[in-house]
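The values are calculated or read from the model by the stated rules, or taken from the named source; none is laboratory data. Here the structure is a predicted model, which means the values were calculated and not measured. All Cβ positions, glycine included, derive from the backbone under ideal geometry; neighbour counts span all protein chains shown.
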Amino acid sequence: MKRAAFLLVALTLIPMLSGCQLQPLYGGGVGGPVQSTLAAVEVAPIEGQAGWLMGNALRDRLDTGQNLAPRYRLEVRLDDNIAGLGVRRDDSVTRERRTLRARYQLVEISTGTVVLDATAGSDAGIDVVGSEYATIAAERSALERLSQIVADQIVARVARFAQSQAAR
């Protein structure tokens, strides 16, 4: 009896699920509107070591294997900052926080119109050890990880923009 009641409730609720308007972001595969838009984005040069890492991470994520003419240009400005957190009695730093913030704009190439203007960012903690080489290596490793994280955030936001444009 309980099983029949459960089945009846489940069958009643199934039609309601189709009205929730959830759709997969990358629906349609490589030929879908989001992938086609991502493939048509070129990344403008970004200054500095952090910019080189960010540019490569963005190009890796935007490359869908399609050779489409660029319709959009992604312009990114980075703010990379390292601040000391933990301090010993002798004023030496024991812990650092590396912050990478990006302000990015998606520009439609044909008109020069900014269609998306947003920010992304992340931070990482770094232990400062006795070896200066180890600390520098940890700082660089943190920058590489942060570049990957921020690039993921940027591409996800551009993909949401592409999906909203396709829905219009």
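Checking Asp90, Asp79 one by one, the residue that is surrounded by fewer than 18 Cβ atoms within 10 Å (Cβ to Cβ), outside any strand (DSSP E or B) and of a type in the set (Asp, Glu) is Asp90 and no other. Screening Ser122, Ser141 for residues that are in a helix (DSSP H, G or I) and of a type in the set (Ser, Thr, Tyr) leaves exactly one candidate, Ser141. Residue check: Ala69 meets all listed conditions (1) at pLDDT 90 or above; (2) assigned to a loop (DSSP other than H, G, I, E, B); (3) out of contact with any helix residue (DSSP H, G or I) (no Cβ under 6 Å at 6 or more places or on another chain) but one, namely (1). Please pick out the residue among Asn67, Asn56 that is surrounded by 12 or more Cβ atoms within 10 Å (Cβ to Cβ) and of a type in the set (S, T, N, Q). Answer to the selection: Asn56. Entry remark, the range 87-123: residues being modelled with pLDDT of 95 or more and among the small types (Gly, Ala, Ser) number 5 in total. Across the range 95-104, not a single residue is classified as in a strand (DSSP E or B), in contact with a Ser or Thr (Cβ under 6 Å, 6 or more places away or on another chain) and over 14 Å from Ala50 (Cα atoms).
I need the full set of residues from the range 48-66 which are of a type in the set (S, T, N, Q) and in a helix (DSSP H, G or I), in order please. Result: Gln49, Asn56.
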